[in-house]
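The values are calculated or read from the model by the stated rules, or taken from the named source; none is laboratory data. Given the structure is predicted, the values throughout are model-derived calculations rather than measurements. For neighbour counting, all protein chains shown are included, and Cβ atoms are generated from backbone atoms with ideal geometry for every residue, glycine included.
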Amino acid sequence: MEEELVERTSGRVLVIVPTYNECENLPMIVGRLRAALPDVHLLIADDNSPDGTGKIADELAEKDDHIHVMHRPRKQGLGAAYVAGFQWGLAEGYDILVEMDADGSHQPEELHKLLDAVAEGADLAIGSRWVPGGKVVNWPASREFLSRGANTYSRLMLGMPVRDATAGFRAYRAATLEKVGLEDVESQGYCFQVDLTLRTVRRGLRVAEVPITFVERTAGASKMNRGIMTEAFWRIAVWGVNGLPGRLRRKS
């Protein structure tokens, strides 16, 4: 079944997993991914984790030629890690590049939904918590309120019809990443996800949202902090103001 799915996507699939202090979670998530879709490849992009995550990644790669490791010199943020992973994947000739967290919140067993959406014509497939059928598990009400509010703010400010633009479980066609451009991406954290979604929408490419179940991590610490939220707020405001004239022209 997995072989048929990868063939339907018309190319090689690379899953990029950024890590920083994920020694408890990495072996688990790698094992689940390799069991769910054994034909896809995995790139672990480690930001010099002090807890030994990079060493664990190397040990996993030594035993499996579908696993690759990128050692980055220091913690530089989620966006920078994904851009580096995308650039590596594009240079290696992968056709579909996937973002997935290392903490188990994105279930590898649901990756086939994203790949199917790409196979059906999506340029970007987003695993969405906030479309019908999507849900979150083990989140406090305050966290759900924050996420829903951030996505509503993004929709209103940017005028794009995506319900979960901050989602980090997504699959891009290589051609999509080449069209949106990665050279000038400076955003980090959840803002990075909104940035690439906006670039995709503004280039007239097709975005599909598929429902997933998001499960809050059970080990390790969340990377969410006030700085990430502040960056997202002001960058989205700037993008919204800069894009307003174009939206008004389209409506007139």
Exercise for review: Report whether or not Ala221 is at pLDDT below 70 and either aromatic (Phe, Trp, Tyr) or within 26 Å of Met28 (Cα to Cα) (or both).
Suggested key: yes
Point to revise | Complete set of residues in the stretch 38-70 that are over 19 Å from the mean Cα position of the chain (by Cα) and within 24 Å of Val185 (Cα to Cα) | key: Asn48, Ser49
Check your understanding: modelled with pLDDT of 95 or more, over 17 Å from Leu14 (Cα atoms) and surrounded by 18 or more Cβ atoms within 10 Å (Cβ to Cβ), is that true of Ile67?
Key -> no
Practice item. Collect the residues in the stretch 107-125 that are among the acidic types (Asp, Glu) and within 13 Å of Ala36 (Cα to Cα), keeping them in residue-number order. Key: Glu109, Glu110
**Study point:** Which numbered condition Gln188 fails, given (1) under 30 Å from Cys23 (Cα atoms); (2) at pLDDT below 90; (3) surrounded by fewer than 18 Cβ atoms within 10 Å (Cβ to Cβ)
**Key:** (3)
Check your understanding: Is one or more of the residues making up the stretch 53-64 buried (at least 23 other Cβ atoms within 10 Å of the Cβ), without any contact (Cβ under 8 Å) to a residue 40 or more places away in the chain and of a type in the set (D, E, K, R)?
Key -> no
**Study point:** Options Leu42, Leu33: the member that is hydrophobic (A, V, I, L, M, F, W, C), in contact with a Lys or Arg (Cβ under 9 Å, 6 or more places away or on another chain) and either part of a helix (DSSP H, G or I) or surrounded by 19 or more Cβ atoms within 10 Å (Cβ to Cβ) (or both)
**Key:** Leu42
Review point. Would a scan of the stretch 139-151 turn up a residue that is farther than 17 Å from Val207 by Cα, surrounded by fewer than 21 Cβ atoms within 10 Å (Cβ to Cβ), within 18 Å of the chain's Cα centre (by Cα) and without any contact (Cβ under 8 Å) to a residue 60 or more places away in the chain?
Key: yes
**Study point:** Number of positions in the stretch 71-97 that are of a type in the set (A, V, I, L, M, F, W, C), surrounded by fewer than 22 Cβ atoms within 10 Å (Cβ to Cβ) and at pLDDT below 95
**Key:** 1
Practice item. Might you check whether a residue that is surrounded by 22 or more Cβ atoms within 10 Å (Cβ to Cβ) and basic (Lys, Arg) occurs anywhere in the stretch 113-126? Key: no
Revision key, fill the gap. Arg129 meets each of (1) surrounded by 18 or more Cβ atoms within 10 Å (Cβ to Cβ); (2) more than 14 Å from the chain's Cα centre (by Cα) with one exception, condition (2)
**Study point:** Unique residue being at negative phi, at pLDDT 85 or above, touching a strand residue (DSSP E or B) at 6+ places or on another chain (Cβ under 7 Å) and of a type in the set (Val, Ile, Thr) when the list is Thr166, Thr152, Thr176
**Key:** Thr176
